[in-house]
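The values are calculated or read from the model by the stated rules, or taken from the named source; none is laboratory data. A quick note: this is a predicted structure, and the numbers were derived from the prediction, not measured. Every residue, glycine as well, gets a Cβ built from its backbone with ideal geometry; the counts of neighbours run over all protein chains shown. Accessible surface is based on the protein model in full, side chains and every heavy atom, while ligands, DNA and RNA are left aside. Shrake-Rupley method; radii C 1.70, N 1.55, O 1.52, S 1.80 Å.
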Amino acid sequence: MQEYNPQKIEEKWQKRWAKDKIFKTKDGSKNPKFYVLDMFPYPSGAGLHVGHPKGYIATDIVSRMKRMQGFEVLHPMGWDGFGLPAENYALKNKIHPKSAVKENIKKFKAQLNKIGFDYDWSREINTTEPNYYKWTQWIFLQMFKKGLAYESYEPINWCPSCKTGLANEDLEHGKCERCGSDIEQKPMRQWVLKITDYAERLLEDLKLLDWEEQILEMQKNWIGKSCGADVDFKIDKRDEIIKVFTTRPDTLFGATFMVLSPEHSSVEEITTNVQKSEVKKYQEQARKKSDLERTDLEKEKTGVFTGAYAINPVNNEKIPIWIADYVLMSYGYGAIMAVPAHDERDFEFAKKFKLPIVQIDLEDKEKMIKWLEKNKNGRRAVNYKLKDWVFSRQRYWGEPIPIIKCEKCGNVAVPEKELPLKLPEVKHYEPTGTGESPLANIKEWVNTTCPKCKKRAKRETNTMPQWAGSCWYYLRYIDPENKKELVDKNKEKYWMKPKGVDLYVGGAEHATRHLIYARFWHKFLQDIGVVSTSEPFHRLFHVGLIAAEDGRKMSKRWNNVINPDDVIQEYGADSLRLYEMFMGGFSEGTAWNTKGLVGTTRFLKKVWQIQYKPKKQSSKSDRLLHQTIKKVTEDIENFKFNTAISQMMILTNEMEKQKEIDINHYLLFLIILAPFAPHISEELWESLKNKKSIFLEKWPEYNPKLIKEETFNLIIQINGKVRDKIEVEAGISEEKAEELALSQEKIKKWLENKKIKKIISVENKLVNIVV
RNA sequence: GCCGAGGUGGUGAAAUUGGUAAACACGAUGGAUUCAAAAUCCAUUGCUCGCAAGGGCUUGUGGGUUCAAGUCCCACCCUCGGCACCA
């Protein structure tokens, strides 16, 4: 008898699997495909903590089962190395980001391999490799050609500490998501992607997706569609009009004043001489306020009268035009019609500045829109909260934007044959803070010739944001070495049709960043014929976070990080895998508890010990085994790994009690255990004289007839309270059950001096006697 | 404020969607084994009254529907996540 020694067998099997290429994904397979994807990590300096692999373990279980069920499975892994986190880490530790990323990948990969994942490493990708980002740049160029990538000078979010512009998606509660600094609005030159052109499709196609409600809602809210009308307000004694958007055209009669954002372009024009200095002062103040101050809901409303009036188109009344910072330039037209009787904010404002509030009868919304359209002073309109994606960063560590700026020809695309446009190697890559990227200082790189007119020109020096590479990476795994195309058409069809990535797992924090950007790029790629589906990720599960034992987030700062290497050293990878899946619901967050590992380790020891029990061989099938096959198969499919494991524990507890075990049952059990605990299953499989890997076995099917119990516990209730339970054979008639129930001694006692009103029977379950 | 998820033993959690609440596991208590410990095994373990037989109570709170409610309806409280002066 040998002791269960996870460290020994785990290393053995990890080496064997790699050597035998057991998990290599084939192209051109006749089998149906299954594409399982994890959100690939950004290889941080800290390495993996025990929370990271949770999602990877789940996809590993699914992919191993699917493969045994006869699917050709693609389960790849790679690295998302560009962007602020990598660069800030490099700056802090004074290493070049390129070598930092390289080192960190090595560290990550070693950690992942110890857990025993079934990745096909021959398809590994790295977003910072030129032969990968060549295609990121290529997609950008296609967008540029279609007018979807454009240059803009609008004010954008600026992080003074990271010294770069940021997209709306990069903020958290008005602060920089990376460093927590307060964000400023800064007008600057930038590249923007027109994601708003896809807003409607991004919203509409959410219906096609098998995603959790939570994530769908987050995206819906982020896109933020509102239906209503644009209304044109004529300025009194002038030709100009000011456009407003409203979701409530039916309240137009109640509009008693108008408010413009202080940055609104018409303010200067319409302000009367008397009000000029007041208005200027207010604008000045508004500019100085941070966004956080401006959007503080607690603060009192402020504002200034411009002296000008607008005409309410429905009743031709003169209404005063004010400016106030509660109207945001970034939504709608930066101007509103104020209806204090129907809007809390307008009401507050009207009260403070003693503006008229009129109660009115509501019009029919549709009628009003039709009226506006007929009279040509308004029209049906929709508005989205979604903003175009600010796509340039004034930083070094990103994909160079492949544009050449020519004085004569303007922005010119770098010719496709010159891609990849490599990020130059430099010594100094610190952000400049001037609004220019550090690349601007590299003369030999910046200075070039215009591809059109061949005159002297300069390269665009901004780089792409962190999220660029991850927008399409799932396509590259399909065809990672392709030099001619982003992805081969036939391979794309095989792996992406009909529903794209069949299963996608990652953190909920990506709901309104990566997941929205990737859907946008995918739809664009569909439009230009690169992909054949409208959505990239068909089914999505979000992984619940594992907190530290103290309930806080695992972080170096709190000194509460648990390294999977240490856990594996003590308990083994199989035990770690089981524990992380057994802790609770997959999408639920739970605190780590090392003591909990005792349970899964005991379970594995039990599984190990059973091999030494006396064995028999019979042709009889086992009910509990088949029930377990059913439950485990369905639970894996539904991401309910915790109950799958508890069912397997029930089965092993039963096997342990038996004097001798049926070898065939034990082997079948090992097959369904294998996706969860691959090393021990493989070892036991081999030692029971099987030469081929357990992962080449067929996934067992359960016998539906067999899983039905022969007897059941009939519950006898009186007035809904359980008074007795008797074991009866399954399928007995309701009459028979009632008869039996009434004849029980206990029940008779309860029924003394009582009158039976009625009896309710539920087949194969209970009898309830109402008295 | 709005949207979403959730609230079940000492702890992590189950509950076929209206039908035995607490499966499985941790911990705890007692016992076996051992010179001793670890490991392992057996028993008990929601709370409560009772010597016992046997009762009573219990899924955040309060109502309701139903023969029957953790599950459905109404109101409220709390926790977590997202958004937030979005017109």
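Can you tell me how many residues within the stretch A:302-316 are over 46 Å from the mean Cα position of the chain (by Cα), under 18 Å from A:ARG248 (Cβ atoms) and at pLDDT 95 or above?
Result for the stretch A:302-316: 0.
How many of the residues in the stretch A:260-271 are more than 15 Å from RNA strand B (Cβ to nearest atom) and either more than 25 Å from A:VAL314 (Cα to Cα) or among the aromatic types (Phe, Trp, Tyr) (or both)?
Within the stretch A:260-271, residues that are more than 15 Å from RNA strand B (Cβ to nearest atom) and either more than 25 Å from A:VAL314 (Cα to Cα) or among the aromatic types (Phe, Trp, Tyr) (or both) number 1.
Taking A:ILE156, is it closer than 30 Å to A:VAL412 by Cα and at pLDDT 95 or above?
no
Would you check if A:TRP750 is open to solvent by 50 Å² or more (accessible area, probe 1.4 Å) and either within 15 Å of RNA strand B (Cβ to nearest atom) or touching a Ser or Thr at 6+ places or on another chain (Cβ under 9 Å) (or both)?
Here the answer is yes, as A:TRP750 does meet what is asked.
Inside the stretch A:186-221, can you point out the residues that are buried (at least 19 other Cβ atoms within 10 Å of the Cβ) and of a type outside the set (A, V, I, L, M, F, W, C)?
Hits for the stretch A:186-221 are A:GLN190, A:TYR198, A:GLN219.
When residues of the stretch A:631-652 are filtered for being within 11 Å of RNA strand B (Cβ to nearest atom) and either open to solvent by less than 60 Å² (accessible area, probe 1.4 Å) or in contact (Cβ under 8 Å) with a residue 60 or more places away in the chain (or both), how many remain?
Total meeting the criteria: 13.
Return the pairs, sorted by first residue and then second, in which the second residue is open to solvent by 100 Å² or more (accessible area, probe 1.4 Å) and of a type outside the set (Asp, Glu), the first residue lies in the stretch A:743-757 and is closer than 19 Å to A:LYS725 by Cα, the beta carbons are less than 6 Å apart, and the residues are 6+ apart or on different chains.
Nothing qualifies.
Just one of A:LYS107, A:LYS114, A:LYS98 is outside any loop (DSSP other than H, G, I, E, B) and within 30 Å of A:GLU637 (Cβ to Cβ); which is it?
A:LYS114
In the stretch A:271-369, which helices (runs of 4 or more DSSP H) lie fully inside it and hold 1 or more residues that are over 30 Å from A:LEU171 (Cβ atoms) and of a type in the set (Asp, Glu)?
Fully inside the stretch A:271-369 and qualifying: A:276-288.
Given the conditions (1) within 13 Å of RNA strand B (Cβ to nearest atom); (2) in contact (Cβ under 8 Å) with a residue 60 or more places away in the chain; (3) surrounded by fewer than 21 Cβ atoms within 10 Å (Cβ to Cβ), and given that A:PHE347 satisfies all but one, which numbered condition is not satisfied?
Just one mismatch for A:PHE347, condition (2).
Of the conditions (1) under 23 Å from A:GLU263 (Cα atoms); (2) exposed (fewer than 14 other Cβ atoms within 10 Å of the Cβ), A:CYS227 fails just one. Which one is it?
For A:CYS227, the exception is condition (1).
Scanning for something hydroxyl-bearing (Ser, Thr, Tyr), touching a residue at least 12 places away in the same chain (Cβ under 8 Å) and buried (at least 17 other Cβ atoms within 10 Å of the Cβ), does the stretch A:285-299 turn up at least one residue?
no
Before we move on, is A:THR295 at pLDDT below 90, under 30 Å from A:ASP388 (Cα atoms), within 13 Å of RNA strand B (Cβ to nearest atom) and not acidic (Asp, Glu)?
Here the answer is yes, as A:THR295 does meet what is asked.
Return the residues of the stretch A:462-479 that are in contact with a Pro (Cβ under 8 Å, 6 or more places away or on another chain) and open to solvent by 10 Å² or more (accessible area, probe 1.4 Å); say none if nothing qualifies.
Correct list: A:GLN466 only.
Of all residues in the stretch A:151-175 being surrounded by fewer than 20 Cβ atoms within 10 Å (Cβ to Cβ) and within 10 Å of RNA strand B (Cβ to nearest atom), which is farthest from the chain's Cα centre (by Cα)?
Selected residue: A:GLY174.
Can you pull out the residues in the stretch A:43-61 that are in a loop (DSSP other than H, G, I, E, B) and either under 12 Å from A:ILE115 (Cβ atoms) or touching a residue at least 60 places away in the same chain (Cβ under 8 Å) (or both)?
Once the filter is applied, which keeps residues that are in a loop (DSSP other than H, G, I, E, B) and either under 12 Å from A:ILE115 (Cβ atoms) or touching a residue at least 60 places away in the same chain (Cβ under 8 Å) (or both), the stretch A:43-61 yields A:PRO43, A:SER44, A:ALA46, A:GLY47, A:LEU48, A:HIS49, A:VAL50, A:GLY51, A:HIS52.
Can you spot a residue in the stretch A:483-497 that is modelled with pLDDT of 95 or more, among the aliphatic types (A, V, I, L, M), under 23 Å from the mean Cα position of the chain (by Cα) and closer than 19 Å to A:ASP210 by Cα?
Yes.
When the residues of the stretch A:704-729 are filtered to those that are more than 25 Å from A:VAL770 (Cβ to Cβ) and touching a Ser or Thr at 6+ places or on another chain (Cβ under 6 Å), which remaining residue is least open to solvent (accessible area, probe 1.4 Å)?
Selected residue: A:LEU706.
Of all residues in the stretch A:485-543 being charged (D, E, K, R) and within 16 Å of RNA strand B (Cβ to nearest atom), which is least open to solvent (accessible area, probe 1.4 Å)?
Across the stretch A:485-543, the extreme among qualifying residues is A:ARG513.
Among the listed residues A:PHE257, A:PHE253, identify the single one that is aromatic (Phe, Trp, Tyr), within 13 Å of RNA strand B (Cβ to nearest atom), in contact (Cβ under 8 Å) with a residue 40 or more places away in the chain and crowded, with 18+ Cβ neighbours inside 10 Å.
One residue alone meets the criteria, A:PHE257.
So, in the stretch A:661-683, of the ones that are over 22 Å from A:LYS66 (Cβ atoms) and away from RNA strand B (no atom under 16 Å from the Cβ), which residue ends up surrounded by the most Cβ atoms within 10 Å (Cβ to Cβ)?
This residue is A:GLU683.
Test A:LYS370 against the criterion of being out of contact with any Pro (no Cβ under 8 Å at 6 or more places or on another chain) and either within 12 Å of RNA strand B (Cβ to nearest atom) or over 27 Å from A:LEU252 (Cα atoms) (or both), and give yes or no.
no
Which pairs turn up if I take residues in the stretch A:224-237 that are closer than 20 Å to A:ASN375 by Cβ and look for partners that are of a type in the set (Phe, Trp, Tyr) and within 16 Å of RNA strand B (Cβ to nearest atom) with beta carbon separation below 7 Å, at least 6 apart in sequence or on another chain?
Listed pairs, sorted by first residue: A:GLY228/A:PHE245; A:ASP230/A:PHE245.
Restricting attention to the stretch A:583-606, does a residue exist that is more than 10 Å from RNA strand B (Cβ to nearest atom), in contact (Cβ under 8 Å) with a residue 40 or more places away in the chain, open to solvent by less than 40 Å² (accessible area, probe 1.4 Å) and out of contact with any Gly (no Cβ under 9 Å at 6 or more places or on another chain)?
For the stretch A:583-606, residues more than 10 Å from RNA strand B (Cβ to nearest atom), in contact (Cβ under 8 Å) with a residue 40 or more places away in the chain, open to solvent by less than 40 Å² (accessible area, probe 1.4 Å) and out of contact with any Gly (no Cβ under 9 Å at 6 or more places or on another chain): absent.
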